[in-house]
Each structure stands twice: as C-alpha cells, then as structure tokens.
C-alpha cells in the first residue's frame, strides 16, 4: 500500500511545519533510457524511506525500512526498474528509474522519516521525450509549376509541430499552405506527415520538426525543389541544441521525386 503522511500525532500545526522539510526538482528523461531522481538528507538517522508515483491512487515504487516492515509492497511494474543508487547509510536515497516509458511521466514523491520523527520530502516532476527520426521529404511536381513537398517522420514524443522555412529569407510559409497530420503507434509514440504546396522554387526549403513542449528544433531536412543549388550545406541552429540542416539535390537519399 502506498505511504501517505496524513498526520503527525502529538504535535501542533506549527510544530509540524518545523518538522517537515521539502525540496522539488524538474527532471527530463529520454524514452527507453534512464533517469536519476535525487533525494538525500543529513542529520538524524533515517528510519523509513518511501518512494511513490503520485496520482489519484499513489503507487509505491521502492522503500527502505530499518524495522523490516512495509518494504515489500511495491508495485510490480517497478520491479528491476527502480533502484537505490546512493549510500543508504550516509543518507543518500536517490533513485534510478530504468527503461523509461511514456507512462512514467508525472510527479514523484520521496518521504524520509527520521528516528526523531522529523520528516523530509523530495518532489520530482518527470517529463519524457523521444527523439523523432530524421525526416524524409518527397517531392511531386504537378501542373502549372506547382510543387508538393511531403515531410514525414516518426518515433517521437511529445507531439511536435512542423515549420516549413524558405531559405531565401528564413521566413516560415503561411499555415494555409500546409496540412499536418499526427498518428500514434502501439507504443503511443507520434508519427507525423506534413504537406506543403508551393509554386516551383529554386530556393532551399526546410522542414523543421519542432517539439511543442520546448520549442526546440528536434530534427530537420531541406531540399531544393528544382534541383538548383549546392549538393549539401550545413547550418547550426538553436541556442540550446544544434541541428544539422541538409539541402540536397533531387537525386539525394532523403528525397524522392515524382
């Protein structure tokens, strides 16, 4: 059964507030990877520690009990995935969560109960991300010099947006020229397809996959629809992350021409 600190008997409200200490962290983890949720204490020796995933019905993930009671009731979905990695005797109860899943996203709570009845809390808000695969662009020529560019990618999380950028002035194409669709696979990861229709152009056109959560460019690919320009160029973009943008001729591997 998940542990809840509901009351401290024998103490006034003011005394309770002095006995309780809390810290809060934000953590980002990659899908399929691992993440460390820090939690440690100093001073009084620890009697019990409880790690749980918060929800309407909190789930006990891992516990440490010096009295040997209440530590074997953790949820089976965390067996082998939630591990203490610190020196428990030195007060480090940091938890490593392995094989990150999308449903691991959420709030986590560590409760440390000391022998002197002081209580400490560690709170974590875990967000999960998955890198989108390198997008592919398909180019189709139509009548009246209209070119249809279809950009597709998959395997990402959270849901991303698409920006089509004109390399001449680095401006975005109007939304009324773009149609983007999202689909989720059996693992709840996102696939997306975005279609841009423009008049024939000699300019470099870039399809950027932009993570809605952070507004970072997750991945991108570029083409010269009319096959005019260098075989490839490299552009570094983004303040926190660098993305490699490739402009390729119509014969390039990332481009299919019809």
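Here, each number is a calculation from the coordinates, and none is a lab measurement. As the structure is a computational prediction, the values presented were derived from the model and not from experiment. Note that we place each Cβ from the backbone using ideal geometry, even for glycine, and neighbour counts take in every protein chain shown.
General observations
- Among beta bridges that DSSP assigns inside segment 13-129, antiparallel share in %, nearest 5: 70
- Dmax and Rg, reported as Rg then Dmax, of segment 178-225 (C-alpha, Å): 13.1, 40
- Simple spin-label estimate for residue 67 and residue 55 in nanometres, 7 Å along Cα-Cβ: 2.9
- Ranked from largest, the principal axis spans of the Cα set of segment 126-170 equal 51, 23, 14 Å.
- Kirkwood Rh in Å, taken over all unlike Cα pairs in segment 13-129: 14.6
- Distance between modelled label sites at residue 181 and residue 141, nm, 7 Å Cα→Cβ extension: 2.7
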